[in-house]
Amino acid sequence: MNHQAPESEFEDEEPQIKPLTPQEAAAWRKRQPKMSMWRILVVQVLMGAVVALVAWWVAGRAAGWSAAYGALAIVVPAALFARGVARNSGRAANAPGAIARLFAWEFVKLVLCIAMLAAAHFLVPNLHWLALLAGMVVTMKTYWLVLITGRASVRKTD
């Protein structure tokens, strides 16, 4: 028992997605906030420093260095990613090539982050893994903080 609707029923429907006109697209771009990836990196560095100072104050010097290294394990690969993407963004390239470069830089970012974490035991004396994890998590979640505050400061009422 195969119940299929005739194709003629679907031919009369309007497409669900309508392309924007050039004027609508320009108006949409004006309403969207311009978010700099470098601003996000600066805020990540600042939040990593705050976490490192708090860890130092709460648990001692080794915990502070561990938290700072955790923040660096996020910021350094993200800065490399941002640099790579920004360097390639000015080119008028085809979409598949741009997506491939984006994925390649994301892969480099992930590999560098994993390598830095693997080297943490050798590079940070008296490593505190919990402090390192705290530095990483707070630094990673800074993206959301910057996006929320950036949107709130630029949001306009229509």
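Nothing in this text is a laboratory measurement; each read-out follows from the coordinates by a stated rule. Quick caveat, the model's predicted, so the values are computed rather than measured. Positions of Cβ are backbone-derived with ideal geometry, glycine not excepted, and every protein chain shown enters the neighbour counts.
What the table shows:
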read-out: Radius of gyration, Dmax [region 38-152; alpha carbons; angstrom]; value: 15.8, 52
read-out: Exposure proxy ranking, count of Cβ atoms within 10 Å, fewest first, for 29, 101; value: 29, 101
read-out: Summed side-chain charge close to residue 41 - residues other than residue 41 whose Cβ falls under 13 Å, Lys, Arg +1, Asp, Glu -1; value: +3
read-out: Sorted by Cβ density within 10 Å, fewest first, the residues 18, 141; value: 18, 141
read-out: Under 15 Å, Cβ to Cβ, from residue 80 - net charge with Lys/Arg +1 and Asp/Glu -1; value: +3
read-out: Cut-off 20 Å, label 7 Å out along Cα→Cβ of residue 62, residues of region 127-142 by amide N; value: 127-136
read-out: Whether region 105-144 is rounded, prolate or oblate, judged on the alpha carbon gyration tensor where a/c under 1.5 counts as rounded; value: oblate
read-out: Ranked packing of 106-118, 60-72, 39-51, most packed first, by mean Cβ within 10 Å; value: 60-72, 39-51, 106-118
